[in-house]
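Notes for the one structure printed next.
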Amino acid sequence: MADRKGRALTGNVVYNHFGHACRYRLRLDLLGDRRERSAPSATGRYLMERGNRLESEVFEKIRRDHPDDIAEIAADPEATDREQDFARRTALTLEAMRQGKRFILHGFLSSEPGDIVASIPGLKSVISDLVMRGETDLLVRVDEPSPGFGKWSYQVGDVKSSRQARFPQKMQVTFYSWLLEKRQGQLPTRGFIVTGDGRRESFDIDETIWTLRHFLEEEVHECLADEAAFYHLDFHCSYCHWRDHCRQRAQENDDLSLVPSLRRPDKRALLQSGVHSRRDLLQQNDTDLRSMGRRYGNRLDGFRDLKRRASAQEFKTALLRQHPRLQTAAGKDGLGSPDLFRHRGPMLLIASLADHYHGCEAAMATALVRRRGSELEAGFERPRVSFGAPGRGEELFDGLYAQIAEIAKLCAAQGERALPLFANRRVIFLLRREAEATGHSAAISGIEQLLADSMTIPDLVDRTFYLPEEPDHHDDYRRLLAKSSDDTPPLRPSLLDTENVAAFFEQVTGESPVEAGRIAVAAPDLVRRVARDYELDLDVEDFEKVPGDLTTLIVREWRRSEDDAWRDLIRFELGQELQSARFVLGALFRTGRSPAVGGKS
């Protein structure tokens, strides 16, 4: 660890902590060697750039509407002493507030000795020596008297690219408001977030200030005093700037968190039982693992499944948990969930290509397939692929829901029932959100009934296999499941392969490859442009090296350009997802060949 002297707790540290609380990251942010920090990911750079663009648009409007009533507190790019520059900007911000400027852009606020009292259980409260500071996006004058500035005071605002204000963003504004309280003599009553669509979303600081005070007065100092802060790798780590540091540490120590789906409470219980690594876990016998699980109340059947997952990692293959036909899964009401292996009707695959970082789906699609023995084939007609314009989630939801209802009626006329199979978990979130957005109780209850009678393929795979890694896309499932069957899945056509992409597009959508040719021509150039704009260190000719978030970046950038060609790309990606889902189902059926319970195989 580096010397603690001079390290400050900033608004970004507060934002990261309340986005995903990790004591180890908090300790590294304050004491770690910054030379070990990872460079931002492609998505991280994209989001920062997008946020900067939005901020520039908001600031430009303020400059245009209030040219004589603003102050901008810019950093000095040539400053050699950052601390002196911080002090200069703090003084300029305070002077602008005394003058009563209506808007202060990039105001800088800092704490002073004695501003915070550290309170650690079991120890005497002391004045904290931790420096706290931050750069605000906006300080806005309001007509509320204050001890520091007389007839006016200030409120803090932040510009964020999300569609709505989120809790970590509110905590960051609350932190700046706490710093502002020390300067103007009273805590602002309100704070606000300027969202990605330009709305100003205000909230009461009283709702969040006590959570912040607990964090500043107790939690931070407890973490600094804990030299053996608990750390655990999970999917949130992909977005952390200490990810490479932690992954290297985990690999060197053969850490338990490398076992797929091993949760934080599981790791704590295993550590307390003397199991400190994957190697230790593999050496435990089933009796001891069962006893450990019951002792700590984590699992009645013990930690034996975690040992099997560690074994799957060691042998680099997917392990069948038990015979799929004998499995049961309890739903929310304690009732059994639908059983894929007993179902005799057709299956309705539902997929989406989601813009994960903005919360707006780009498209949705469905395909009806039928089971023939242990194989899957097209059902009543060719797979249906529907798509819509971005930002029209309610229309997409209505269209998809109507399509599901239509197919359900068609199945009923044939004396059958379609089993909805969601290609990924995020579709469920999208459907629930859009159903709630309609405000119609019938739509909400209808979608909840649909979800109760459906399955997600990732959950089904997780129930059927111990996987050697944590997959989050069906391409990963295909690679894993191929090792459990005699068949090798077809390779995913490269987005840059101009010869194969049109044929694959026609196969999936049933439309002319001439239309798909637009993808073959436009996509390679677009991929290269996005890779160049965001300085992606990759060879775009080799699609396997393209990071998984690149498709999201492409869709986002294409949407900004308002180029119609992005629709073809979306339909192509949807077709891939539906094909992958069908492959996964076929592989699952092949692993389940044996006399069915209550029917023929």
Report summary line: Subtracting the Cα-Cα distance of Ala74 and Lys409 from 0.36 nm times their residue separation yields 114.3 nm
Query - Rounded FRET efficiency, nearest 0.05, which uses the C-beta distance separating Arg417 from Ser441 and R0 of 30 Å - result: 0.75
**Report entry** Cut-off under 5 Å, modelled amide H: who pairs with Ala363 long-range
**Finding:** Leu353
Query raised in the report: Rounded to the nearest 10 Å², what accessible area does Asp286 show when all protein chains are kept and the probe is 1.4 Å?
Result: 80
**Report entry** Per-residue SASA entry for Arg290, accessible area with 1.4 Å probe, Å² rounded to 10
**Finding:** 100
Report summary line: Under a 1.4 Å probe, counting only protein heavy atoms, Met48 has an accessible area in Å², nearest 10, of 100
**Report entry** Alpha-carbon centroids, the stretch 215-265 and the stretch 161-185: separation in whole Å
**Finding:** 26
Requested in this report: Arrange the residues Arg321, Arg308 by how much accessible surface each exposes, largest first, with a 1.4 angstrom probe.
Outcome: Arg308, Arg321
Requested in this report: About the Cα centre of the stretch 1-98, how large is the charge dipole given +1 on each Lys and Arg Cβ and -1 on each Asp and Glu Cβ? Please answer in debye to the nearest 20.
Outcome: 680
Query - Length added when fully stretched, Gln84-Leu31, from 0.36 nm per residue minus Cα-Cα - result: 17.0 nm
Query raised in the report: Carbon and sulfur: what percent of the stretch 250-290's accessible surface (1.4 Å probe)?
Result: 39
Requested in this report: Please give the length that would be gained between Ala228 and Asp206 if that part of the chain were fully extended, namely 0.36 nm times their separation in residues minus their C-alpha to C-alpha distance (nm, one decimal).
Outcome: 4.5 nm
Report task. May I ask you to rank Lys316, Lys61, Lys182, Lys307 by accessible area, largest first, using a 1.4 Å probe over the protein chains only? Result -> Lys316, Lys61, Lys182, Lys307
Requested in this report: Which order do the peptides 136-142, 437-443 take when ranked by the mean count of other beta-carbon atoms within 10 Å per residue, highest first?
Outcome: 136-142, 437-443
Requested in this report: Pull up all non-local amide H partners of Met132: gap of 5 or more, or a different chain, and H-to-H distance under 5 Å with H placed in the peptide plane.
Outcome: Leu9, Ser111
Requested in this report: Taking H placed 1.01 Å from N in the peptide plane, check which residues at least 5 places from Leu138 or on another chain put their amide H under 5 Å from its amide H.
Outcome: His106, Gly157
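The values are calculated or read from the model by the stated rules, or taken from the named source; none is laboratory data. Predicted, not measured: the structure shown is a model, and the values here were computed from it. So basically every Cβ, Gly included, is an ideal-geometry build from the backbone, and we count neighbours across all protein chains shown. Only protein heavy atoms, including side chains, enter the accessible area calculation; ligands, DNA and RNA are left aside. Shrake-Rupley method; radii C 1.70, N 1.55, O 1.52, S 1.80 Å.
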